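Engineer: One structure coming up, written as structure tokens, with questions to follow.
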Amino acid sequence: MVEPPVLRDKEREGYAIRYAAGFEDIVMVLSGMSTIEQMEENIKVMKDFEPLNNEEFALLDKAVEMVLNNELRDGKTQAAVLKVKLLRDKGLW
């Protein structure tokens, strides 16, 4: 199995929030949390907020292409990337 690109430097879980909050005019991101630890991580990400940079977007695009080309077969990865594909198809990616 091909290894996906690795997003570094920040907690992996924070990428989804950073992606969603990085769009112009976004003032709030609602995220589901199951534990206090997840809530604390979300608060940390938003307290020190930085939108995704070009390198991070390129890595996400590469992961999307790998899933769409059936190079990655992890069910969770495929579900997440298909959501990104929907955003891309609507011009939001």
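The values are calculated or read from the model by the stated rules, or taken from the named source; none is laboratory data. Quick caveat, the model's predicted, so the values are computed rather than measured. Cβ placement follows ideal geometry from the backbone for every residue including glycine, while neighbour counts extend to all protein chains displayed. Surface areas here come from the heavy atoms of the whole protein model, side chains and all, with no ligands, DNA or RNA. Shrake-Rupley method; radii C 1.70, N 1.55, O 1.52, S 1.80 Å.
Engineer: Which members of the stretch 42-63 meet the condition of being farther than 21 Å from ALA79 by Cβ and open to solvent by less than 90 Å² (accessible area, probe 1.4 Å)?
Structural biologist: VAL45, MET46, PHE49, PRO51, ASN53, ALA58
Engineer: Kindly indicate the residue of the stretch 21-38 that is modelled with pLDDT under 90, of a type in the set (A, V, I, L, M) and loosely packed, with under 14 Cβ neighbours inside 10 Å and also farthest from ASP89 (Cα to Cα) among those meeting that condition.
Structural biologist: MET33
Engineer: Name the pairs whose Cβ atoms lie under 9 Å apart, with the first residue in the stretch 32-57 and farther than 14 Å from GLY22 by Cα, the second part of a helix (DSSP H, G or I) and open to solvent by 70 Å² or more (accessible area, probe 1.4 Å), and 6 or more positions between them or separate chains?
Structural biologist: GLY32/GLN38; MET33/MET39
Results for (1) closer than 17 Å to LYS83 by Cβ; (2) in a loop (DSSP other than H, G, I, E, B), shown as yes or no for each residue.
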{"site": "ARG18", "(1), (2)": "yes, no"}
{"site": "PHE23", "(1), (2)": "yes, yes"}
{"site": "MET28", "(1), (2)": "no, yes"}
{"site": "GLY32", "(1), (2)": "yes, yes"}
{"site": "MET39", "(1), (2)": "no, no"}
{"site": "ALA58", "(1), (2)": "no, no"}
{"site": "LYS62", "(1), (2)": "yes, no"}
{"site": "VAL67", "(1), (2)": "yes, no"}
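Engineer: Name the single residue that is modelled with the lowest pLDDT among those in the stretch 75-93 being over 15 Å from ALA16 (Cβ atoms) and assigned to a loop (DSSP other than H, G, I, E, B).
Structural biologist: Top of the filtered list is GLY91.
Engineer: Within the stretch 1-20, how many residues are at pLDDT 85 or above and open to solvent by 90 Å² or more (accessible area, probe 1.4 Å)?
Structural biologist: Going through the stretch 1-20 one residue at a time, the tally reaches 0.
Engineer: Quick one: count up the residues across the stretch 64-74 that are modelled with pLDDT under 75 and open to solvent by 50 Å² or more (accessible area, probe 1.4 Å).
Structural biologist: Summing the residues that are modelled with pLDDT under 75 and open to solvent by 50 Å² or more (accessible area, probe 1.4 Å) in the stretch 64-74 gives 5.
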